[in-house]
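The values are calculated or read from the model by the stated rules, or taken from the named source; none is laboratory data. All of these numbers come straight from a predicted model, not from anything done at the bench. As a convention, Cβ positions derive from the backbone with ideal geometry for all residues, glycine included, and neighbour counts pool all protein chains shown. Side chains are part of the model used for accessible areas, which takes the heavy atoms of the whole protein and leaves out ligands, DNA and RNA. Shrake-Rupley method; radii C 1.70, N 1.55, O 1.52, S 1.80 Å.
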Amino acid sequence: MYDYIKGILTKITTKYIVVEVGGIGFILQVANPYAYSGDMNQQVTIYTHQVIREDAHLLYGFRTEAEKSVFLNLISVSGIGPTTALAIVAVDDNDGLVRAIEQKNITYLTKFPKIGKKTAQQMVLDLEGKFVLSEQAEVPSLAVEESANTALNEAMEAMEALGYRPAELKKIKKFFEGTTDTAENYIKSALKMLMK
């Protein structure tokens, strides 16, 4: 089991990042790959969790130990797998998540992709009182110049990889058309819109 990986960020895709350590490139599934855009070709420390399945060995990566802790709590719930947990972490509203669990706010929890009423109730049952979140380090804002269409398309692809339905994303994409931003910021804004 790996606790963290420290190496050079060499690749960013819509679903994962690649961190090179000692000549080996590790694929890390992360909540928002474009959040790492400012770290390209620089040394990064990514906290990890390994999932071994019959058909694959996967590494999930997190910016902070608090983010990793939220993920681990989520995958302990029956009905929530790593992909769904990653989609929940991507919303980047841990306070809202904890508040919803503590207040048994099923309506809020069902706004996450692939979370139905039964799974939301199971989340409340399994996680109530278990979250202790430390303050997360603020991710620096990025000043990345990229084509608005490319950034928006990348953001929508990344969100689809997190499990959001194309119909939902079509409305979001239409809302952002004509704007200019980074893929990371599009993802953050879109996730906030979907959680309202």
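Over the range 2-118, what is the percentage of antiparallel beta bridges among all DSSP beta bridges, to the nearest 5? Looking only at bridges with both residues in the range 2-118, the antiparallel portion is about 90 percent. Taking each DSSP H run with n ≥ 4 as -39500 (n - 2.57) and averaging over every residue of the chain yields -12000 deg cm²/dmol at 222 nm. Solvent exposure of the range 1-125 amounts to 48 Å² per residue of accessible area, where only protein heavy atoms count and the probe is 1.4 Å. Phi angles of the range 40-48 translate, via the Karplus equation with coefficients 6.51, -1.76, 1.60 and θ = phi - 60°, into HN-Hα couplings of 4, 6, 10, 6, 10, 10, 10, 6, 10 Hz per residue; Gly and Pro are given as x.
Within the assembled protein chains, the solvent-accessible surface assigned to D92 is about 80 Å², based on a 1.4 Å probe.
Contact order for the chain, expressed relative to its length and based on alpha carbon pairs under 8 Å spaced 6+ residues apart, stands at 19 percent. Among M156, M1, the order of accessible area from largest down is M1, M156, computed with a 1.4 Å probe on protein heavy atoms.
Comparing Y108, Y34, Y164 in a Gaussian network model of the chain (Cα springs below 10 Å), the most mobile by mean-square fluctuation is Y108. Once you sort the root eigenvalues of the Cα gyration tensor of the chain as a ≥ b ≥ c, which label holds: rounded (a/c under 1.5), prolate (a/b larger than b/c) or oblate (the other case)? Since a/c reaches 1.5 but b/c is at least a/b, the shape of the chain is classed as oblate. Expressed as a fraction of 2.2 N^0.38 Å, the C-alpha radius of gyration for the range 1-114 is 1.10. Out of every Cα-Cα pair that the range 40-93 contains, those further apart than 17 angstrom amount to 39 percent. Taking a quarter of the surface of the Cα convex hull of the range 10-49 gives a mean projected area of 2.7 nm².
Using a probe radius of 1.4 angstrom, the carbon and sulfur fraction of the accessible surface of the chain is 48%.
Put simply, when 11-19, 76-84 are sorted by average Cβ atoms within 10 angstrom per residue, most first, you get 11-19, 76-84. The range 157-174 and the range 60-79 have Cα centres spaced 23 Å apart.
Karplus-derived 3J(HN,Hα) values for the range 11-18, using 6.51 cos²θ - 1.76 cosθ + 1.60 with θ = phi - 60°, are 8, 10, 10, 5, 10, 8, 10, 10 Hz; glycine and proline are entered as x.
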